[in-house]
Structure formats: C-alpha cells, structure tokens
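What follows is one structure encoded as structure tokens, with my remarks underneath.
The values are calculated or read from the model by the stated rules, or taken from the named source; none is laboratory data. Everything numeric in this text was worked out from a predicted model, so none of it was measured. All Cβ positions, even for glycine, are placed from backbone atoms using ideal geometry, and neighbour counts span all protein chains on display. These accessible areas exclude ligands, DNA and RNA; they are computed on the full protein's heavy atoms, side chains included. Shrake-Rupley method; radii C 1.70, N 1.55, O 1.52, S 1.80 Å.
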Amino acid sequence: MFGQVVVGPPGSGKTTYCNGMGQFYTATNRQEWRMGRKATPTPIGKADPGIFLSARPFAIINLDPANDGMPYTPDIDISELITLQDTMEEFSLGPNGGLIYCMEYLEKNLDWLEKKLEGIKDKYLIFDCPGQVELFTHHNSLKNIIDSLRRTLDIRLCCVHLVDSHYCVDPSKYVALLLLSLKTMIQLELPHVNVLSKLDLLEAYGKTAFNLEFYTEVQDLDYLLERLNDGAFGKKYEKLNRALCDLVNDYSLVGFHTLAIEDKESVIKLAETIDKANGYIHASMNVNSGF
C-alpha cells in the first residue's frame, strides 16, 4: 500500500489539496496513463516526458476531528470515532487542547483505524491531517499513529507539507516557514515533500524581494539577512536572525515545490514528485513491466 500524509498549518489548503488530488486521480483512472517499456504511455501536460502517471484507485482518510465542511466524501472519517466539538464540551477544553486529546484518543484506539484501512487495502491513501502545528512538530501522537500504520499494514507513506506561498513576501515569515518545515521533517521522519501552495495567489500579497527560485531552492540566506535586519527592530535581533538562518543552512534539508491546485501541469509535476518520494512510481513500473 502507498499513500501520502498531508500536513500543514491552518489555511494552507490541505483539505482543498486532498479534494483536488482526488479529482486528479479520478481523471487518471478514466484514462490509464501507464508506465514501463511494455506499455504505450500517454504523456500528460508538459511535465517530465520520461514519467507517466498510472491509474490508481484511491481513498481519502479524514483525520481532522474539526473538519466538518469537507468538499469531498471521505472513505474513512475520524468523526465516526470522536469529534472536536464533543471533546471540548465534555472536558471543557479549548480547540488546541481538544485536538491534542482527539489525536491521543485515536492513538489509543488505533485498532479502529487499522480495521477501516484493511477494507481498502488495494487503494492509494490520502490522509488529511489536522492543522495544529504542534501535532506534527513536537507532539508524538500523530508520529506514533503513522509509525504504527507503516509497521502493521506495510504502508509506504510520504509526507506532503503544505505552506501558504504568501509567507515568501515577508522575510521574517519565510524564516519561520523554513524552521516549521525543518522541524516537521525531523519529527515525522518520512520521505518529505514541502509545497508552497496557492502559488496563483502570490502576487495578490505583494512582490517578493527575490525571484521564486530563491525561495523554492532556499538559496543563500545571507541575502535575506539584509532584509531581516532592516530597521531598529531587525537590528535588535541581528544575532538571533543570523543563528536561525545558520541553523537552516547547516541542516541543508529544506526545499520547496510549488502548487496551484487549479493548474493541471502544476498538479501533475507535484504528483510525480510524490510518487518518486514514496516509491509508488517504481512499484508501478515493475507491475507494468512484468517484473
């Protein structure tokens, strides 16, 4: 089994992404785009001409107990087990504490999710996760759930971390974005694809200081430091800014792909990247090549 775990802060477009990818995979299922030497591949868009997406049945699993306005119909929904509203009312918790409780409750009752997943064994899985950042940066329940599913059901997962591209307009927000992405990569320990979402709306937030490649490839952050240290406030934290940028540079792990969910070519390129990350592309090539 293969799949992707979709995480990201509130407003990054996770549910819209899951719905869009579901529509995309539905379209690929109507016309099988196959891979392998023995197949006759049908190129799609202007993406890498050597890569072709294979048809796949898929299932969307909603793990967000606060997600009650989904544009898709989930194949598995955590609200059948627990909801945020009920948790907040019963235990007098706020939304943040309630979400943590819900994830801990799911971890303790993981057999419920495993039984549900066994009913969709042959499908490609898309997990729509809550947007509370501590759940995928330092709280262990989500990580434990993912690790357990990988072991017991042998699921090859890739983390798709969505962040709003408008953070690129503000240097300080961009550095915070880099730290969030880095911590998520270290915490979840999965093949990882960071995505700047809503790229089609970036210009509406203002002009970026550098071209898009600077932000996607996380190029020399010394140039960004000059912007961070502008003004009295920035100069006050000059040493801190330097330390944060050095931290990101030292790990040299963070990079971004881009996504405009309404743009077919953008979705295709990202889908190909995810398939490479979780190994789905190699499994599909082996099947279609007769190996």
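A few remarks follow.
- Residues (in a helix (DSSP H, G or I) and open to solvent by 30 Å² or more (accessible area, probe 1.4 Å)) located in region 98-112: Ile100, Tyr101, Glu104, Tyr105, Glu107, Lys108, Asp111, Trp112
- If the condition is being in contact (Cβ under 8 Å) with a residue 12 or more places away in the chain, closer than 20 Å to His257 by Cβ and open to solvent by 90 Å² or more (accessible area, probe 1.4 Å), then region 207-237 contributes only Glu217.
- Residue list for region 249-266, restricted to those being within 16 Å of Leu179 (Cα to Cα), touching a Leu at 6+ places or on another chain (Cβ under 7 Å) and of a type in the set (S, T, N, Q): Asn249
- Here region 146-165 is the region considered, the condition is being surrounded by fewer than 21 Cβ atoms within 10 Å (Cβ to Cβ) and not in a helix (DSSP H, G or I), and the residue that is nearest to the chain's Cα centre (by Cα) is Arg156.
- Hits in region 74-109 (condition: over 26 Å from Thr152 (Cβ atoms) and within 21 Å of the chain's Cα centre (by Cα)): Asn96
- Qualifying residues in region 122-145 (those that are open to solvent by less than 10 Å² (accessible area, probe 1.4 Å) and of a type in the set (A, V, I, L, M, F, W, C)) - the one farthest from Lys198 (Cα to Cα): Ile145
- Contact annotation: residue pairs with Cβ atoms under 6 Å, 6 or more positions apart or on different chains, pairing a residue in region 70-96 that is open to solvent by 70 Å² or more (accessible area, probe 1.4 Å) with a partner that is of a type in the set (Gly, Ala, Ser), are Asp75/Ala59.
- Of all residues in region 65-90, those that are part of a helix (DSSP H, G or I) and either farther than 16 Å from Glu107 by Cα or among the aromatic types (Phe, Trp, Tyr) (or both) total 5.
- One residue alone among Glu217, Glu272, Glu213 is within 23 Å of the chain's Cα centre (by Cα) and under 28 Å from Ile145 (Cα atoms), and that residue is Glu272.
- Residue match in region 248-261 (condition: modelled with pLDDT of 90 or more, out of contact with any helix residue (DSSP H, G or I) (no Cβ under 7 Å at 6 or more places or on another chain) and surrounded by 12 or more Cβ atoms within 10 Å (Cβ to Cβ)): yes
Conditions (1) farther than 16 Å from Ala176 by Cα; (2) in contact with a Lys or Arg (Cβ under 6 Å, 6 or more places away or on another chain), marked per residue:
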| residue | (1), (2) |
| --- | --- |
| Asn194 | no, no |
| Asp200 | yes, no |
| Gly206 | yes, no |
| Ala209 | yes, yes |
| Glu213 | yes, no |
| Lys235 | yes, no |
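- Restricting region 189-206 to residues that are open to solvent by 40 Å² or more (accessible area, probe 1.4 Å), in a loop (DSSP other than H, G, I, E, B) and in contact with a strand residue (DSSP E or B) (Cβ under 6 Å, 6 or more places away or on another chain) leaves a set whose member that is farthest from Leu157 (Cα to Cα) is Lys198.
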